[in-house]
1. Non-local amide H neighbours of Arg110 (under 5 Å, H modeled in plane, Pro and chain starts lacking H): which ones?
2. Using a 1.4 Å probe on the protein heavy atoms, what percent of the accessible area of the stretch 28-156 belongs to carbon and sulfur?
3. Taking θ = phi - 60°, what integer Hz values does the Karplus form 6.51 cos²θ - 1.76 cosθ + 1.60 yield along the stretch 124-136, in sequence order, with x for Gly and Pro?
4. Short version: ³J(HN,Hα) in whole Hz for each residue of the stretch 55-71, in order, from phi by Karplus 6.51 cos²θ - 1.76 cosθ + 1.60 (θ = phi - 60°), x for Gly and Pro, what are they?
5. Mind listing the long-range amide H neighbours of Arg34? Cut-off is under 5 Å, sequence gap 5 or more, other chains count too, H placed in the peptide plane at 1.01 Å from N.
6. Rg(Cα) of the stretch 93-167 divided by 2.2 N^0.38 Å?
7. I want to check the label-to-label distance for Thr25 and Ser105. Put each point 7 Å from Cα in the C-beta direction and report it in nm to one decimal.
8. Please calculate the 1.4 Å probe accessible area of Glu125, with all protein chains present, and give it to the nearest 10 Å².
Amino acid sequence: MGWFTRGRHRERYVALAVPTLDGSTWPAADPAARNGFGAATTHRLGLDAAFTPEAHEVADLLTARLLPLLALDASPEDLPHTVDLLRSAAQTGAGLGLVDARDQSLGPDRMGAHVAGALGEAERELPPMPSTLRHQARFLLHAGHHVARLGPEALPRLEAQLAGPVDAD
């Protein structure tokens, strides 16, 4: 059986990095992130998990605490739809985080390679939108995963990052 898997070994995990608005820690960009059937299947499982009470709690928490810190560029008529879109992104990310947490072999500093690929699948499913809004949606996908995996204790670091530098005066 070794001949079949020779040269095909890939990492099963990606580093669990803190989400950034600039996307510099976006897991789907990691070379170890997997694509294809495994990522698509994981994406589907994450979408199912996004409708659980746990994913709703994470999305509500992120909507309440992170959205006010984002510079949303939306008209008054579009603002409710923009908030819904970003909340849905957080909820989808949370669903993927819940799926990822089922893998007992992952430590607190790792995410499954298929989950990293599934986050990329979720980003590709976002509707067409302006670049800034796409970055915010990707950030909330990643933040939803992050908070679902690590718990609400991860939120202050995300809030601090969005709030920007604080003067020491």
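1. Counting only residues 5 or more places away or on other chains, the set is Leu16.
2. Values: 3520 of 6080 Å².
The nonpolar share, carbon plus sulfur, comes to 58 percent.
3. Using θ = phi - 60°, the values come out as 5, 7, 5, x, x, 7, x, 4, 4, 5, 4, 4, 5 Hz.
4. 5, 4, 4, 4, 4, 4, 4, 5, 5, 6, 9, 9, 4, x, 8, 8, 7
5. Residues meeting the criterion, in which the H sits 1.01 Å from N, are His114, Ala116, Gly117.
6. Compactness ratio reported: 1.19.
7. Distance between the two pseudo-spin positions: 2.5 nm.
8. Roll a 1.4 Å probe over it and Glu125 shows about 120 Å².
The values are calculated or read from the model by the stated rules, or taken from the named source; none is laboratory data. All values derive from a computational prediction rather than experimental measurement. Glycine also receives a Cβ, built like all others from the backbone with ideal geometry; neighbour counts cover every protein chain displayed. Remember, those area values only see protein heavy atoms, side chains included, never the ligands or the DNA or RNA. Shrake-Rupley method; radii C 1.70, N 1.55, O 1.52, S 1.80 Å.
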